[in-house]
Amino acid sequence: MKIEFTSATEAKAIIAFVGQTDGQAVLSPPSQKLDRACKSRLSKAIAAAKFNGAAGKVLSVHAPNDALDVVVLVGVGDLAKVDGAVLERAAAAGAKALLTSGVETACVALSGWKKLATAQNAARIGFGAALAAYRFDTYRTQLKAEQKPSLKTFEVDVAEGADVWAAHQAVVDGVSFARDLVNEPANVLHPEEFAKRLKELKSLGVEVEVLGEAQMAALGMHSLLGVGLGSARESQLVVMKWQGGGDEAPLALVGKGVCFDTGGISLKPSGGMEDMKGDMGGAAAVAGAMRALAGRKAKANVVGLVGLVENMPDGLAQRPGDIVTSMSGQTIEILNTDAEGRLVLCDVMTYAQEKHAPKAMIDLATLTGAIIISLGHEFAGLFSNSDDLSAKISKAGTAAEEPVWRFPLTPAYNKLMDSNVADMKNVQRSGGGAGAGSITAAQFLQRFVKDGVEWAHIDIAGTAWKPGNDDPREPSWGTGYGVRLLNRLVADSFES
């Protein structure tokens, strides 16, 4: 869907905003003007439908005058509290309402709304609509005409929005890229295909290097390689480098990329296993962020590293009880082969620090089911050795509406990962059921962080995909979570 900004529109479908005061609907200034042009048919429809203007509520009014086919009224709640974030969500709701309606062009009525009809707000409206328009229909061959998206052009009646739109479009592209990766089936998106798609970022100026199993073995990355032993697909390490900030040390972004996770020899139950095609959500977020940063030419140095593997149970697969040596030289006793993400991340984190000497390092991973028990699907879990970095991530997450919640890291949790036969074990106990599963997973990762390196781990198991979604900007499965957060973090704290 194309986003445009104009001072004059010929669209026959209009999206207009309605506020709320004391539980009653109140037309916004642009909506009041539109209502007059429709001879009060909008206000009459509001009264007849008992539409109260609550945030996210939608009311469609068809043929309100001779020039218009439909007006979609979207609630924004208290008019005094409306800001860019509220408008973004409202525009997404309006776009969703029209997406398969048969309408090809729609325009948002914003012009004339004092203090709100700005270029930035116009761009945020376009941003919300673009995110809402995302579809993954690649493999749907039997869609009926009425099921296919018809909305091709989405306008905002503030022409100045075009001046700031490019940066927002870059983020939309990054989010869509991440969503596509998460939504792809694992028989298509195996590690080598994932790496191939990341090479496409070269066209945006990203340096891309791919390491195969022989190169990783030479580096001693036997923790990562152990996870992929049971797969017919070769494991990959992809390094994406964006150099937009001079000679300063980069920010390192590390992503878990388990393209499919059966659990290995510690086989998962069959119910819900199909969702494990999304166990590369951390890698998708890093890839999407790199695309967004390159697309908007961010003035920062960022290196994105993703470990891409499949965790499969064949005759060569890693077994419970095995001991592997990581790139750092530390040894790991494998008690459960389904705790594989941390085994991938620890070697990629070591590589990131030794080869790129980052000023800070952040890893993202669909790491533990325990984080869903703690936070559901609303927040990602944040773990860090730095109060300053945590504060920056939390602030960026709130601003980007991809929130995080910080958890503790202490020696009491760390000692739970000690092993009697190796430097550490990969889970607390082989039978499962131990508490603090998300925290101990983070404590495991922290053992691979060098002294003096600011580090944060973001567990996105509950946010990378969602079984259902009431946010109109997000689809009902792969969300692309992390792209907006990381882009905002770089913009606020790492750009020169």
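The values are calculated or read from the model by the stated rules, or taken from the named source; none is laboratory data. Nothing here was measured: the structure is a model prediction, and the numbers come from that model. No Cβ is skipped: glycine too gets one built from the backbone with ideal geometry, and neighbour counts run over all protein chains shown. Keep in mind that these areas ignore ligands, DNA and RNA; they rest on the heavy atoms of the full protein, side chains included. Shrake-Rupley method; radii C 1.70, N 1.55, O 1.52, S 1.80 Å.
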Completion exercise
Output for Cβ contacts, cut-off 7 Å, separation at least six or different chains, first residue closer than 16 Å to G437 by Cα in region 392-413, second outside any helix (DSSP H, G or I) and among the aromatic types (F, W, Y), reads W405/F379; F407/F383; L409/F383
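Given the structure, is V344 open to solvent by less than 10 Å² (accessible area, probe 1.4 Å), assigned to a strand (DSSP E or B) and closer than 30 Å to V490 by Cβ? Spell out how you get there, then give the answer.
Values: open to solvent by less than 10 Å² (accessible area, probe 1.4 Å): yes; assigned to a strand (DSSP E or B): no; closer than 30 Å to V490 by Cβ: yes.
Spelling it out, it is not the case that V344 is open to solvent by less than 10 Å² (accessible area, probe 1.4 Å), assigned to a strand (DSSP E or B) and closer than 30 Å to V490 by Cβ.
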Handout entry: Scan of region 53-72 for residues that are open to solvent by 60 Å² or more (accessible area, probe 1.4 Å) and under 29 Å from A85 (Cβ atoms), ordered by number
Key = A55, K57, V58
Fill in the blank from the handout: For strands (runs of 3 or more DSSP E) lying entirely in region 187-263, having 1 or more residues that are acidic (D, E) and open to solvent by less than 10 Å² (accessible area, probe 1.4 Å) picks out 251-261
Fill in the blank from the handout: Counted residues in region 450-473 being crowded, with 21+ Cβ neighbours inside 10 Å and either of a type outside the set (G, A, S) or more than 13 Å from the chain's Cα centre (by Cα) (or both) come to 10
Exercise for the section: Look through region 400-426, keep the residues that are open to solvent by less than 20 Å² (accessible area, probe 1.4 Å) and either under 18 Å from F383 (Cα atoms) or among the aromatic types (F, W, Y) (or both), and return whichever of them is farthest from the chain's Cα centre (by Cα). Expected result: M417
Practice task
Only one of these is open to solvent by 10 Å² or more (accessible area, probe 1.4 Å) and not hydroxyl-bearing (S, T, Y): A85, A122, A90. Name it.
Solution key: A85
Fill in the blank from the handout: Subset of region 125-158, residues small (G, A, S), outside any loop (DSSP other than H, G, I, E, B) and open to solvent by less than 40 Å² (accessible area, probe 1.4 Å), comes to G126, G128, A129, A130, A132
Completion exercise
Checked against (1) at pLDDT 95 or above; (2) assigned to a loop (DSSP other than H, G, I, E, B); (3) under 27 Å from A67 (Cβ atoms), A97 satisfies every condition except (2)
Completion exercise
S438 passes all but one of the listed conditions (1) of a type in the set (S, T, N, Q); (2) surrounded by fewer than 16 Cβ atoms within 10 Å (Cβ to Cβ); (3) touching a Gly at 6+ places or on another chain (Cβ under 6 Å); the exception is number (2)
Practice task
Please work out if A80 is of a type in the set (G, A, S), under 28 Å from R41 (Cβ atoms) and without any contact (Cβ under 8 Å) to a residue 12 or more places away in the chain.
Solution key: yes
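Quick one: is E234 in contact with a Ser or Thr (Cβ under 8 Å, 6 or more places away or on another chain) and acidic (D, E)? Working first, answer last.
Details: in contact with a Ser or Thr (Cβ under 8 Å, 6 or more places away or on another chain): no; acidic (D, E): yes.
No: the conditions fail for E234.
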Fill in the blank from the handout: For region 366-420 the number of residues that are among the small types (G, A, S), within 17 Å of L486 (Cα to Cα) and in a helix (DSSP H, G or I) is 7
Practice task
May I ask you to list pairs of residues, at least six apart or on different chains, whose Cβ atoms are under 9 Å apart, with the first in region 28-43 being open to solvent by less than 80 Å² (accessible area, probe 1.4 Å) and the second being of a type in the set (D, E, K, R) and not in a helix (DSSP H, G or I)?
Solution key: P29/K114; P30/D157
Completion exercise
Note on K277: of the conditions (1) open to solvent by less than 10 Å² (accessible area, probe 1.4 Å); (2) closer than 19 Å to L364 by Cα, unmet is (1)
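Residues that are farther than 26 Å from R473 by Cα and modelled with pLDDT of 95 or more: does region 374-383 have at least one?
Restricting attention to region 374-383, the residues satisfying the condition of being farther than 26 Å from R473 by Cα are 383.
Still in the running and modelled with pLDDT of 95 or more: 383.
The answer is yes; a qualifying residue exists.
Does A491 satisfy being out of contact with any Cys (no Cβ under 7 Å at 6 or more places or on another chain), modelled with pLDDT of 95 or more, open to solvent by 40 Å² or more (accessible area, probe 1.4 Å) and of a type in the set (A, V, I, L, M, F, W, C)? Break it down stepwise before answering.
On the way: out of contact with any Cys (no Cβ under 7 Å at 6 or more places or on another chain): yes; modelled with pLDDT of 95 or more: yes; open to solvent by 40 Å² or more (accessible area, probe 1.4 Å): yes; of a type in the set (A, V, I, L, M, F, W, C): yes.
Considered against the rule, which asks whether it is out of contact with any Cys (no Cβ under 7 Å at 6 or more places or on another chain), modelled with pLDDT of 95 or more, open to solvent by 40 Å² or more (accessible area, probe 1.4 Å) and of a type in the set (A, V, I, L, M, F, W, C), A491 comes out as yes.
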Problem - Residue under evaluation A90, criteria (1) assigned to a helix (DSSP H, G or I); (2) more than 18 Å from S60 (Cβ to Cβ), criterion not met - result: (2)
